[in-house]
Amino acid sequence: MSSGGLQLENISRRLGARSLLHEISLEVPAGECLALLGPSGCGKTTTLRVVAGLDPVSSGRIWLQGRDITRLDPGRRQVGMVFQSYALYPHLSVEGNLELGLEIRRVTAAERHRRISTILELLQLVELRHRRPAQLSGGQRQRVALARALLRQPDIVLLDEPMSNLDAQLRDNLRPELRRLLCGGRHPVLYVTHDQQEAMGIADRIAVMSNGFIQQLGTARDLYDQPVNRFVAEFLGRPAINLLLPQQGHQLGLRPEHIRSVNTGGLEAKLTGREWLGNQQLLNLETKRGQLKMLTSADWTPPTELRVSWDQGRELWFEEQSGERVK
Amino acid sequence: MNFISHFQGQPFATNKVESYSRGKSLSLLLLAPALALLAIVFVWPLLRYGWLSFHADSVITGLVAIPNGGANWIRLLSDGRFWQDALQTLRFAGVSVGLELVLGLALALALHQRGPGRGVLRVLCLLPWALPTTVMALGWRWIFNDPHGPINALLLQLGLPSQGFLSTPSTTWLVSVLADVWKTTPFVALLLLAGLQSIPTDLEEAMRLEGASPWQRLRRLTLPLLIPYLGLCCLFRVAQAMGVFDLIQVLTDGGPAGSTESLALYAYLNAMRFLDFGYSASVMLGMFLLLLVLSALVLVVQRRFQQQQELT
């Protein structure tokens, strides 16, 4: 195998008769951040735990920086992980939380001190170093968890929904911050989330997962413009893509921002509701081919009866049964 | 405080003073039944015993309480049997509780492991605790009976002489500790198991990622987080073991030669055998004071442990 980064080769994990992961293969080069995106139960967290060694694999191989770590003990994998709950040791101060791992790895006191002060500085935790986790805010706890993960100079950083315990505004502020700290280093990053905005904002590439399969892997732009199937098309994009009633075994998907009002032709539509979004508005339309959501400029006052069409070339066709995209 | 502020929002509360007094009187009213119960079963007997301990009340006085101006207390201070029993009870409590904490922790850690039949095992482990003390004390007395008990039967079959386990002070004491440990280790294990289950699994996983061995995980994570639970066990068990009565009465009746007599047993003997209720009250209160000091000690040690943790 190639030397740098993380490679998963046909990873499967079965629990009794249930298949949690199905032949997962992916590659994350050093310095890249890959987001695993999907609804709960899709296998994204399991993938992360398999890489960390907290869950065993049923078959397949895991390579990290050129080493086969498939059967390696979690403590010997050089993995830095940020848990969803942050998993900070409640009985230890911020400093104690950072120091414990280094003590276990028998790092000398001088070296421990040097590394801890560097990371405290980097994450702006110097003033908080004597506090207990219970005395920290959610964002501060996240920084401590991140510091702990980075401190051991890991070969890979794993993050399990690190933003899910924070409020929306803080998340917006933290996304670029997190990206600056994590990405472009000497290690690859795996980032698990169910929030597409977070995935797009932080990751270089995104793997959309469902039912233990990787549905599609690519840049956010690829996934949005060229989804391989209906699941990916529906999962990405907010407001969600419009799926019209199927005709002759095919289904038409139209993103709300690609729908236009026209004078002649197109579909007859009746306005059933308006949602004002500030800079834009979302119109709810009723047509004979199903309901449509349409995104338009906020200062346009739509008539109750109108005709709509879509930007040519932006429509997506799916097979009705399989959901696969037809090109 | 919550209770009071809750009532401040009510429409009938026209000003803070009124709502405060209203909340206070209402909270007292709601506490009254519990306080009354405590007064009847705890405060009243204590006061009554305090009163009695300053009176002579025995067969000699015709079971009429006659004030004797602290003669009971003076007698207590120079009563060799009382202090001997106090030492014996302390030794019994210290050794039993110590063993129970160690074994209980081991048992709790074992029961905490995932595995088939865990539920059944947990129930099985609790059985000794569910058994009435009298019944289990009789059981142990039979097991160590000389020469008909199973252990002596085994010794005889092996061609060894039978042993008077319950007629030699040293072995009798050991049997009483064994019986107590056997019965109450499950209780300690249950409390500690609850403590273990309150520790989130991802903390354990974070330690595994640090490369910590099972021993390091126990010492650096599990034990520090269990300290409040260990303290609680200690408090419960020390108080219980210091007042041990039924186990000793049935198993050895304080013998041989008073070597296993506990303070509770001595107080009981004074009242029920020697019919000296005044002195019995002094013994009982003396034991109560000892227990207070001991409980305070346990609390101080626990607090010290937690403070030490906070410093590191």
Matching residues in the range A:254-268 (open to solvent by 20 Å² or more (accessible area, probe 1.4 Å), part of a strand (DSSP E or B) and out of contact with any Ser or Thr (no Cβ under 7 Å at 6 or more places or on another chain)) number 1
Within the range B:102-120, residues loosely packed, with under 14 Cβ neighbours inside 10 Å and not charged (D, E, K, R) come out as B:V102, B:A106, B:Q113, B:G115, B:P116, B:G117, B:G119, B:V120
Here the residues within the range B:160-219 that are among the acidic types (D, E) and within 20 Å of B:L230 (Cα to Cα) are B:D180, B:E204
Over the range B:160-193, the set of residues part of a helix (DSSP H, G or I) and among the aromatic types (F, W, Y) is B:W173, B:W182, B:F187
Output for Cβ contacts, cut-off 7 Å, separation at least six or different chains, first residue on the phi < 0 side of the Ramachandran plot in the range B:122-138, second in a loop (DSSP other than H, G, I, E, B) and open to solvent by less than 40 Å² (accessible area, probe 1.4 Å), reads none
Exercise for review: Kindly indicate whether B:A257 is at pLDDT below 95 and more than 14 Å from chain A (Cβ to nearest Cβ).
Suggested key: yes
Scanning the range A:269-327 for residues that are part of a strand (DSSP E or B), acidic (D, E) and free of Cβ contacts under 8 Å to residues at least 40 places away in the same chain gives A:E275, A:E286, A:E305
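Identify, please: which residue in the range B:211-235 is in contact (Cβ under 8 Å) with a residue 12 or more places away in the chain and within 9 Å of chain A (Cβ to nearest Cβ) and is, among those, surrounded by the fewest Cβ atoms within 10 Å (Cβ to Cβ)?
Applying the filter and picking the extreme gives B:I227.
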A careful count of residues in the range A:7-25 that are more than 14 Å from A:T45 (Cα to Cα) and touching a helix residue (DSSP H, G or I) at 6+ places or on another chain (Cβ under 7 Å) gives 0
Next on the checklist: With the structure loaded, tell me whether A:L245 is open to solvent by 10 Å² or more (accessible area, probe 1.4 Å) and farther than 28 Å from A:A52 by Cβ or whether it fails that test.
Outcome noted: yes
Selection from the range B:170-209 of residues open to solvent by 60 Å² or more (accessible area, probe 1.4 Å) and not aromatic (F, W, Y) yields B:S170, B:L174, B:L178, B:L190, B:Q197, B:S198, B:P200, B:T201, B:E204, B:R208
Subset of the range A:123-132, residues more than 20 Å from B:R217 (Cα to Cα) and either surrounded by 15 or more Cβ atoms within 10 Å (Cβ to Cβ) or within 13 Å of chain B (Cβ to nearest Cβ) (or both), comes to A:L123, A:L125, A:L128, A:R129, A:H130, A:R131
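The rows are residues; the columns are (1) under 22 Å from B:L232 (Cα atoms); (2) among the aliphatic types (A, V, I, L, M); (3) free of Cβ contacts under 8 Å to residues at least 24 places away in the same chain; (4) outside any loop (DSSP other than H, G, I, E, B).
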{"site": "B:V41", "(1), (2), (3), (4)": "no, yes, yes, yes"}
{"site": "B:F82", "(1), (2), (3), (4)": "no, no, no, yes"}
{"site": "B:L90", "(1), (2), (3), (4)": "yes, yes, no, yes"}
{"site": "B:V95", "(1), (2), (3), (4)": "yes, yes, no, yes"}
{"site": "B:L101", "(1), (2), (3), (4)": "yes, yes, no, yes"}
Inset, instruction - Would you check if there is a residue in the range A:133-144 being assigned to a helix (DSSP H, G or I), of a type outside the set (K, R), open to solvent by 60 Å² or more (accessible area, probe 1.4 Å) and away from chain B (no Cβ under 13 Å)? - result: no
Taking first residues from the range A:164-185 that are part of a helix (DSSP H, G or I) and second residues anywhere that are among the small types (G, A, S), the pairs with Cβ under 8 Å that are 6 or more apart or on different chains are A:L170/A:G138; A:L170/A:G139; A:L174/A:G139; A:R175/A:G201; A:P176/A:G201; A:R179/A:G201
Taking the range A:210-226 and keeping only residues that are touching a residue at least 60 places away in the same chain (Cβ under 8 Å), outside any strand (DSSP E or B) and surrounded by 17 or more Cβ atoms within 10 Å (Cβ to Cβ), one is left with A:G212
Over the range A:227-253, the set of residues touching a residue at least 60 places away in the same chain (Cβ under 8 Å) and assigned to a helix (DSSP H, G or I) is A:R230, A:F231, A:A233, A:F235
In the range A:33-79, residues that are more than 21 Å from the chain's Cα centre (by Cα), at positive phi, away from every other protein chain (no Cβ under 14 Å) and open to solvent by 50 Å² or more (accessible area, probe 1.4 Å) total 1
Subset of the range A:81-119, residues under 31 Å from the mean Cα position of the chain (by Cα), within 11 Å of chain B (Cβ to nearest Cβ), farther than 15 Å from A:R143 by Cβ and in a helix (DSSP H, G or I), comes to A:G96, A:E99, A:L100, A:G101, A:L102
If we keep only residues of the range B:244-268 that are without any contact (Cβ under 8 Å) to a residue 24 or more places away in the chain and open to solvent by less than 10 Å² (accessible area, probe 1.4 Å), then the residue nearest to B:V177 (Cα to Cα) is B:G254
Condition check for B:Q249: farther than 18 Å from B:L99 by Cα, assigned to a helix (DSSP H, G or I) and within 14 Å of chain A (Cβ to nearest Cβ)
no
Within the range B:71-101, the count of residues that are farther than 15 Å from B:W173 by Cα, open to solvent by less than 100 Å² (accessible area, probe 1.4 Å) and among the hydrophobic types (A, V, I, L, M, F, W, C) comes to 5
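The values are calculated or read from the model by the stated rules, or taken from the named source; none is laboratory data. Worth saying up front: this structure is predicted, and the values here are computed from it rather than measured. Heads up, the Cβs are rebuilt from the backbone with ideal geometry, glycines too, and the neighbour counts pull from every protein chain shown. The accessibility values were calculated without ligands, DNA or RNA, using every heavy atom of the protein model including side chains. Shrake-Rupley method; radii C 1.70, N 1.55, O 1.52, S 1.80 Å.
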